[in-house]
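First up is the structure itself, then whatever we jot down about it.
The values are calculated or read from the model by the stated rules, or taken from the named source; none is laboratory data. Keep in mind that this is a model prediction, so the values were computed, not measured. No Cβ is skipped: glycine too gets one built from the backbone with ideal geometry, and neighbour counts run over all protein chains shown. Side chains are part of the model used for accessible areas, which takes the heavy atoms of the whole protein and leaves out ligands, DNA and RNA. Shrake-Rupley method; radii C 1.70, N 1.55, O 1.52, S 1.80 Å.
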Amino acid sequence: QMQLVESGGGLVQAGGSLRLSCAASGGTVSNYNMGWFRQAPGKEREFVAAIYWRGGITPVADSVKGRFTISRDNAKNTVYLQMNSLKPDDTAVYYCAATLSGRLVAGREYDYWGQGTQVTVSS
C-alpha cells in the first residue's frame, strides 16, 4: 500500500516562503495523480494544487494561483509544494494525496493520504 509522508511545515512570517515535501513509498508518484489539500481550524478541507502523472498539467486553486507551485521529482519519488508570498490565511494543515482518478480537485477521489504538516503564517 502506498504511504505518503509530508514534511517542511513550520512557522513563517507573512510574505515568506516554505517548501513542503511529500515522500512516497509503496508506490511511484509518476504513476499517480498527486494533489495537495489544506484544512484550517473550523473550515472544510480545500483543494490547493495537483499534478497529473502524464502531460504536466498542474491545476491550482484560485486562492494560491501565482504563489504556490506543485512539482514532482521522480528520482526521489517525491512531490513538492513551493509556497511563496505566504499570507496568514494560508495557515492550515497541509496534506498530500495520491489517486488514479482524473478528478483532482475532489478530495473524495484520492486513495492515499499523508498525515499532514502544519503551516502557520504570522502577521
Which residue, of Gly55, Gly16, is out of contact with any Ser or Thr (no Cβ under 6 Å at 6 or more places or on another chain), modelled with pLDDT of 95 or more and assigned to a loop (DSSP other than H, G, I, E, B)?
-> Gly16
Gly27 fails exactly one of the following numbered conditions: (1) of a type in the set (Gly, Ala, Ser); (2) at pLDDT below 95; (3) touching a Gly at 6+ places or on another chain (Cβ under 7 Å). What is the number of that condition?
-> (3)
Per the filter on segment 74-86, residues touching a residue at least 40 places away in the same chain (Cβ under 8 Å) and loosely packed, with under 15 Cβ neighbours inside 10 Å are Asn74, Lys76, Asn84, Ser85
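When you go through Ser25, Ser30, Ser71 one by one, which is the residue that is exposed (fewer than 12 other Cβ atoms within 10 Å of the Cβ), touching a residue at least 12 places away in the same chain (Cβ under 8 Å) and either within 16 Å of the chain's Cα centre (by Cα) or more than 27 Å from Lys87 (Cα to Cα) (or both)? Walk me through how you get there before you give the answer.
Details: Ser30 fails: exposed (fewer than 12 other Cβ atoms within 10 Å of the Cβ); Ser71 fails: exposed (fewer than 12 other Cβ atoms within 10 Å of the Cβ).
Exactly one of Ser25, Ser30, Ser71 is exposed (fewer than 12 other Cβ atoms within 10 Å of the Cβ), touching a residue at least 12 places away in the same chain (Cβ under 8 Å) and either within 16 Å of the chain's Cα centre (by Cα) or more than 27 Å from Lys87 (Cα to Cα) (or both), namely Ser25.
Test Ala92 against the stated conditions and say whether it is touching a Lys or Arg at 6+ places or on another chain (Cβ under 6 Å) and hydrophobic (A, V, I, L, M, F, W, C).
Values: touching a Lys or Arg at 6+ places or on another chain (Cβ under 6 Å): yes; hydrophobic (A, V, I, L, M, F, W, C): yes.
Here the answer is yes, as Ala92 does meet what is asked.
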Expected output for segment 89-107 (first residue over 16 Å from Arg72 (Cα atoms) and modelled with pLDDT of 95 or more, partner among the basic types (Lys, Arg) and open to solvent by 10 Å² or more (accessible area, probe 1.4 Å), Cβ below 8 Å, 6+ apart or cross-chain) is Asp90/Arg38; Ala92/Arg38; Ala92/Lys43; Val93/Arg38; Tyr94/Arg38
Among (1) farther than 19 Å from Gln3 by Cβ; (2) of a type outside the set (Asp, Glu); (3) open to solvent by 20 Å² or more (accessible area, probe 1.4 Å), which single condition is Leu104 missing?
-> (3)
Can you spot a residue in segment 42-63 that is within 12 Å of the chain's Cα centre (by Cα) and among the polar types (S, T, N, Q)?
-> yes
